[in-house]
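Student: My structure is below; once you've seen it, I'll send some questions.
Nothing in this text is a laboratory measurement; each read-out follows from the coordinates by a stated rule. Just so it is clear, the model here is predicted, and its values are computed rather than measured. Neighbour counts run over all protein chains shown; Cβ positions are idealised from the backbone, glycine included.
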Number of protein chains: 2
Amino acid sequence: MEAGKFFDEKMSRRGLIKSVVGAAGIAVLASGGLVSLSKAEAKEGPTEKWPWPYEKLDPAKTAEIAYEEWYRVFCGAGVINSIFSQLRERIGEPYKSFPVDAFKFLEGGMSAWGTICGSNAGANVVTNCIIGPSLKGASEDGMLMGSEIMQWYSDANMPTYTPKDPKVKGEMPKTVASSPLCHVSVGKWMKATGKSLGSPERKDRCARVTASVAYHTVELLNAWKDGKYKTTGVLPAKSFNIPAQSNCMECHGNKIPTPPLAKK
Amino acid sequence: MEAGKFFDEKMSRRGLIKSVVGAAGIAVLASGGLVSLSKAEAKEGPTEKWPWPYEKLDPAKTAEIAYEEWYRVFCGAGVINSIFSQLRERIGEPYKSFPVDAFKFLEGGMSAWGTICGSNAGANVVTNCIIGPSLKGASEDGMLMGSEIMQWYSDANMPTYTPKDPKVKGEMPKTVASSPLCHVSVGKWMKATGKSLGSPERKDRCARVTASVAYHTVELLNAWKDGKYKTTGVLPAKSFNIPAQSNCMECHGNKIPTPPLAKK
């Protein structure tokens, strides 16, 4: 793991602070020479040590939790909680202190604006919290795994997962979004099926998409835990010279603008 | 505040648990009759009590921190940390336990895909963590404040904030994105200026956008703290029958598809 050194250095300083505080009591912190250390702690935050401990999860069980959670907190918080609720039980912190339900706002592509599909955003929150951010000298795998999931989502005939006991029975129509965006993903499905946003079928489609993304995220995290994860994720800005999806023509048609290339 | 009752009920149960644990020690939790309460805690998470404590912040100071943070963790984590780092110092938990740096992946519209501008995503994380999610019976103000910020961002001549000592001197060109998306926001600015993604000017523009969003977020949170916040935010899916931005023609031209309206 590339992040190893970075992590070890932080941990050793933290270990020292913890044992000093543990032995001498909290009052010392407020009254004496340890105040500066306390301030350093405040800057970093006790959960900002990566990677977070992870135990391999069952993808199907996770998908079932995500499916049910959609009907409570929708797509983004559904994906996060399908994974973090199990790790809260098995491991505890730092998962217990993560305010999963606050991420309900990821619904409908963030506050119903149709931007990034919440299940993609939720998956990115999960991979970046567990593997960690690509800070200087640290692994980029958290962000690249999130990127890989967005590409997989864009290409997949969604939803890929069928719950054991779905709320809407019968065949679920599937569509390819060719985009990680909620508006495009939901819009194409609504166009293909003629079902409205408020229909039980559309709701169950999004609950199943949430389950599908949770399933795949756990597949990738399990491979990472086994040391077998080789990312297919990329940072598109590097090749397109602008943060972008890879299918420019879908929105721009043939008139794709050329971004300024020279460093001017 | 609509969330009052919900919050009080949760708090009173939590208050009980806390005082029992405080008096009797942690060992009781593992060995006796309180285990079931402990499990309930694990499900909810100790930071999932809303609203989080908040103290009014200085918008300009916050913007300065956000500007500097962009050069370390980019837009999303920059907005979050500009606010949470001050509240970590002033209040402590639950801000200390929030893994701010993990949100570096919001850069470039999430892993450089150009979806939601990270500063908008970061602002939504902040408002929804502090005010809380729109769970059943709770206030929608966290999500609506996030939505209001996205609309403000789309309409503003950005960047609105000028740092006291900017890294790139001289006049900073401003553009209106008419969108909360990174690709559109950055793309319009690059087209107007002819500056490349890698140019110091483009980087400083995005650092200033981050500062601008942090500034406005604190303005709104301060009004909320004073009990004077009246949201202008909306959930666009309600009026458009699909999660969407409000300027359909910008992407669709005159051929705006009509989403299925009947509940079928």
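Student: Near the amide H of B:VAL176, under 5 Å away, which other amide H atoms are found, from residues 5 or more places off or on another chain, if H is placed in the peptide plane?
Tutor: When sequence neighbours closer than 5 places are left aside, the close amide H contacts are B:MET158.
Student: While we're looking at this one, here's another question. Hey, how much of the P(r) for the range A:59-227 falls beyond 29 Å, as a percent of Cα pairs?
Tutor: In whole percent, the share of Cα-Cα pairs in the range A:59-227 beyond 29 Å is 14.
Student: A further question on this structure: Can you give the average number of partner chain beta-carbon atoms within 10 Å of each beta-carbon in peptide A:48-54, as a whole number?
Tutor: That works out to 2 on average.
Student: Averaged over its residues, how many other protein chain Cβ atoms are within 10 Å of peptide B:236-242's Cβ atoms?
Tutor: 6
Student: Rounded to the nearest 0.05, what FRET efficiency do B:MET249 and A:LYS169 give with R0 = 41 Å and r taken as the Cβ-Cβ distance? Could you check?
Tutor: E between B:MET249 and A:LYS169, to the nearest 0.05, is 0.55.
Student: Same structure, new question: Given +1 on the Cβ of Lys and Arg, -1 on the Cβ of Asp and Glu, and no further charges, what dipole in debye does the range A:54-185 carry about its Cα centre, rounded to the nearest 20?
Tutor: Its charge dipole is roughly 180 debye.
Student: Between B:ASN157 and A:ARG90, what is the label-point separation in nm under the 7 Å Cα-to-beta-carbon projection?
Tutor: 5.5
Student: Using the Cα atoms as the points, what is the convex hull volume per residue of the range B:46-140 in Å³?
Tutor: 104
Student: I need the trypsin sites (Lys or Arg not before Pro) found in the range B:72-154, filtered to DSSP loop residues with at most 16 other beta carbons within 10 Å of theirs.
Tutor: Filter output for the range B:72-154: B:LYS136.
Student: Which GluC sites (Glu not before Pro) from the range A:112-181 combine a DSSP loop assignment with at most 11 other Cβ atoms within 10 Å?
Tutor: A:GLU171
Student: Here is a further query. When B:VAL73, A:VAL213, A:VAL126 are ordered from fewest to most other Cβ atoms inside 10 Å of their Cβ, what list results?
Tutor: Numbers: B:VAL73 26, A:VAL213 34, A:VAL126 30.
So the residues, fewest neighbours to most, are B:VAL73, A:VAL126, A:VAL213.
Student: Output wanted: per-residue J couplings in Hz (rounded whole) for the range B:163-169, from phi through Karplus 6.51 cos²θ - 1.76 cosθ + 1.60, θ = phi - 60°, x for Gly and Pro.
Tutor: Those phi angles translate into x, 5, 9, x, 6, 10, 7 Hz.
Student: Search the structure for amide H atoms under 5 Å from the amide H of A:GLY114, placed 1.01 Å from N in the peptide plane, and list their residues when 5 or more places away or on another chain.
Tutor: A:GLY109, B:ALA244
Student: For the range A:178-241, which trypsin sites (Lys or Arg not before Pro) are in a loop by DSSP, counting at most 16 other Cβ atoms within 10 Å?
Tutor: Here the sparse-neighbourhood loop sites are A:LYS228, A:LYS230.
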